[in-house]
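Colleague: So that we are looking at the same thing, I have put the structure below in structure tokens.
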Amino acid sequence: MIQHPGILALLLASGLVSLLLTAAGWQGFRILLRWDQHSGSEAQLELERRTYLVSTLVAAGLVIQILSLFLFCFTADGLHSQFVGAMCAAGSLAVNPFGYPTLMAKIATCLLAGVWLVLHRVDTQGHDYPLIRPKYALLLILVPLVLLEAWLQVRYLTGLKADVMTSCCGSLFGQGRQGLASELAGLPSRIMQPVFWASFTALIAAGILLLRTKRGAAVFSAFSLAFLLVAVASLVSLFCLYIYELPTHHCPFCLLQREHGFVGYPLYGALLGGAISGLGVGALEPFRHQKSLAEALPWMQARLAWTALSLAGLFTLIVGIWMFLSPLKL
């Protein structure tokens, strides 16, 4: 099974990103110790020469890291036919103990990688590398997380054995079982629907406040993260039922399949993109006092806020259309 194209691509990407970030992490450590923008020493000039190249390579590696999340889900879904009892990626990930931890680690690194890319984009707008230290401090947090995710992925992918008996998504996300999946599926739809709309409304209100007053960046980031969590819970407990047109099918992984129009990819892409944009707004807020970013930073925060609101709106529009068109009535 190791010769599966998706598995080979994931292992290759993981190895490449791990090498890039490990090498860049050493450069980041040197920057945190020795960076002095006002110095004209040879060591400082060497750091400045290397910084642009290293940052570019890190940005490319983190883009690959983000895309690998979707490749991982696509590959896990494509492998389900190899395992007895699996109907989608939910069963594939349950084949061994490393499947779901790998997915969670990939989601966490995806969010942090997105925030790093936001900091990098803004840092390039200043003539004096204003965000160089916080950018590489975040990188030093990212490196061990990426290495952990790579280790988990290797253990998961190399531990896959064909014709292994596993659980189907119906049992994993069935009500009455133990675990987070069944807990989410068991959330009452009559409660989750108003909670979802309240979360969406709060996010819109926080966005309007931010765009009009240039204040409340931390609040907007908090609501963006809250919307991500509420949307996922609502998708499992409520929206999936309308998409599948079945009152008992709560699996969020079957949304990735052809028979449901691959709707899961735009839904999850919108949620992750919106969360990254919203978190980026808050991540930039401590640096508003930087003179070299006086114009670029507020503009970038506004653009990120609009992006977060648009992607949240896209998610809401997609599930709203499915609810309206679905013959299922709860």
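Colleague: Quick one: Cα centre-to-centre distance for the stretch 1-27 and the stretch 140-169, in angstrom?
Modeller: Here the two parts' Cα centres lie 13 Å apart.
Colleague: Please compute the length gained on full extension between Thr22 and Ser326, using 0.36 nm multiplied by the number of residues separating them and subtracting their Cα-Cα distance.
Modeller: 104.6 nm
Colleague: Here's another thing I want to ask about it. Report, please, the projected area of the stretch 1-167 averaged over directions, based on the convex hull of its C-alpha atoms, in nm².
Modeller: 9.5
Colleague: Compute the relative contact order of the chain as a whole-number percentage, counting only Cα pairs closer than 8 Å that sit 6 or more residues apart in sequence.
Modeller: Reported as a whole number, the value is 18 percent.
Colleague: Taking Cα pairs under 8 Å and at least six residues apart, what relative contact order does the stretch 222-330 come out at, in percent?
Modeller: Relative contact order of the stretch 222-330: 34 percent.
Colleague: In the structure displayed, which of Lys214/Lys291; Lys106/Lys214; Lys135/Lys214 lie more than 28 Å apart, Cα to Cα?
Modeller: Pairs exceeding 28 Å: Lys106/Lys214.
Colleague: What's the local net charge at Glu295, with K and R +1, D and E -1, over the other residues with C-beta under 15 Å away?
Modeller: After counting each charged neighbour, the total is +3.
Colleague: Kindly state, to the nearest 0.05, the FRET efficiency for Glu46 paired with Ala137, given R0 = 22 Å and r defined as their beta-carbon distance.
Modeller: The computed FRET efficiency comes out at 0.65.
Colleague: If you don't mind, another one. Could you tally the net charge around Lys135, taking each other residue with its Cβ under 13 Å from the Cβ of Lys135, Lys/Arg +1 and Asp/Glu -1?
Modeller: Within the 13 Å Cβ shell, the charges total +1.
Colleague: For labels at Glu245 and Leu8 in the simple 7 Å Cα→Cβ model, what's the distance in nm?
Modeller: Between Glu245 and Leu8, the simple spin-label model gives 4.0 nm.
Colleague: Helix by helix, which DSSP H runs in the chain go 27 Å or more along their axis at the Cα atoms and have an average Kyte-Doolittle hydropathy of 0.0 or more?
Modeller: 5-34, 42-78, 99-123, 132-158, 189-213, 264-284, 296-325
Colleague: Less than 12 Å Cβ to Cβ from Cys88, Lys/Arg counted +1 and Asp/Glu -1: what total charge do the surrounding residues give?
Modeller: -1
Colleague: Right, another one. Tell me, what are the semi-axes, in whole angstrom and largest first, of the equivalent ellipsoid of the stretch 172-330 as set by the roots of 5 times the Cα gyration tensor eigenvalues?
Modeller: 34, 15, 13
Colleague: Write down the Kirkwood hydrodynamic radius of the chain, to one decimal in angstroms, obtained as one divided by the mean of 1/r over all alpha carbon pairs.
Modeller: 21.3
Colleague: Sorted from fewest to most neighbouring beta carbons within 10 Å, what does the list Leu33, Leu284 look like?
Modeller: By the 10 Å Cβ count, ascending: Leu33, Leu284.
Any read-out appearing in this document is the output of simple, stated calculations on the displayed coordinates, not a laboratory observation. Please read these numbers as outputs of a predicted model, since none were measured by experiment. Heads up, the Cβs are rebuilt from the backbone with ideal geometry, glycines too, and the neighbour counts pull from every protein chain shown.
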